[in-house]
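Have a look at the structure below before the remarks.
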Amino acid sequence: MAAGLKIYGISRSSAFKTIWCGEEAGVAYEQMKIGFADGTNKTPEFLAIHPNGRVPAIVDGDAVVFDSNAILLYLAEKTGKFLPAKSDKLRGEMLSWLMFVASGVGPFSGQSVHFRHYAPKDGSDYAVNRYVFEVQRHYGVLDARLAGRQYMVGDSYTIVDMDTDPFTFDRSARPQMELLEPESFALDDFSGLSYTEAFDAMVAKMRNEYAFTEYKGLDWDALIAEFRPRFEEAEANGDSTGYRRALRDFTWACLLYTSDAADDLLCVDLGGRRIIKKKKQQIKKLRRYRNSK
């Protein structure tokens with residue numbers, strides 16, 4: 001891996017998979033924040049890297065790679081990590097499932113969100129029904145693949161699992177969340193507090209106890225400035241769904257500072273109970289993998 005690897009993309013985008021892979025593989029990198037709202041994805045400098053102006057993209061020495069699945073494959077082959085055992089059969093499966101996500105799961109999930117929540121309402125439900133159906137069908141394929149299997153390909157955690165994991169986080173209007181904690185772990189009860197009081201209490205606790213604050217240079221003040229207004233708005237409007245979404249996105253943002261935070265964060269079900277069960281098992285195995293290094 002060349003010195004000075006740069007990963008282009010904001011955290012809450014497809015760049016998440018790229019950042020996750022880099023973290024798990026132990027690759028040193030610099031994150032270059034490229035977004036859509038501020039137009040940084042359309043600057044001449046970035047278009048020279050990714051002609052379509054999308055994220056993620058990476059620059060590794062004189063190598064430029066864009067599209068999250070292409071980057072996952074590039075990083076895995078460069079580091080020799082998170083690839084299945086060497087055989088034509090497993091390589092064929094890996095490439096097939098990577099393309100299945102790239103051509104099906106990802107695009108249809110994106111279109112489903114767009115037409116359900118952002119597209120102008122023209123009185124026709126055709127687009128919504130089409131993409132919701134396709135999302136359900138594609139997740140059914142994933143669910144069937146994981147029946148009786150621990151991993152998507154072979155007998156180990158690979159970039160295919162890394163590629164599908166982000167799609168198991170619930171982005172529905174009424175998310176169902178499960179906290180991954182040891183059964184013996186004593187959780188603080190903030191249920192008697194208001195939304196903002198609970199957020200303040202949670203951040204105060206994490207400032208003092210979160211193990212990776214110094215290691216990752218986590219900027220709590222910046223996170224508070226970004227997310228507290230959302231908790232205030234949810235409290236003012238009595239919006240429990242807005243509160244849960246703010247909590248979900250805050251947790252997601254903290255995750256990006258260290259992959260080990262996956263041990264502490266929520267993981268939720270979008271595509272079937274079997275998928276979430278498998279993902280829980282994968283996180284446990286991944287934790288053992290990291291501890292063995």
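Quick rundown of the values:
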read-out: Ordering of 118-127, 45-54 by burial proxy (mean other Cβ atoms within 10 Å per residue, highest first); value: 45-54, 118-127
read-out: Projected label distance in nm at Gln150 and Ala225, using a 7 Å step from Cα toward the beta-carbon; value: 4.6 nm
read-out: Potential lengthening between Lys78 and Lys121 on full extension [0.36 nm per residue; Cα-Cα distance subtracted]; value: 10.9 nm
read-out: Computed P(r) (all Cα pairs; the stretch 6-79; 10 Å bins; percent); value: 21, 58, 19, 1
read-out: Whole-Hz couplings from phi, Karplus 6.51/-1.76/1.60, listed for the stretch 30-39; x for Gly and Pro; value: 10, 8, 9, 7, 10, x, 9, 5, 9, x
read-out: Distant-in-sequence amide H partners of Met32 (H built 1.01 Å from N, under 5 Å); value: Ile7, Tyr8, Gly9
read-out: Local electrostatic count at Ala76 - Lys and Arg +1, Asp and Glu -1, tallied over other residues with Cβ under 15 Å; value: -4
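Values in this text are rule-based calculations from the coordinates and carry no lab data. All figures in this text were calculated on a predicted structure; none of them were measured in a lab. No Cβ is skipped: glycine too gets one built from the backbone with ideal geometry, and neighbour counts run over all protein chains shown.
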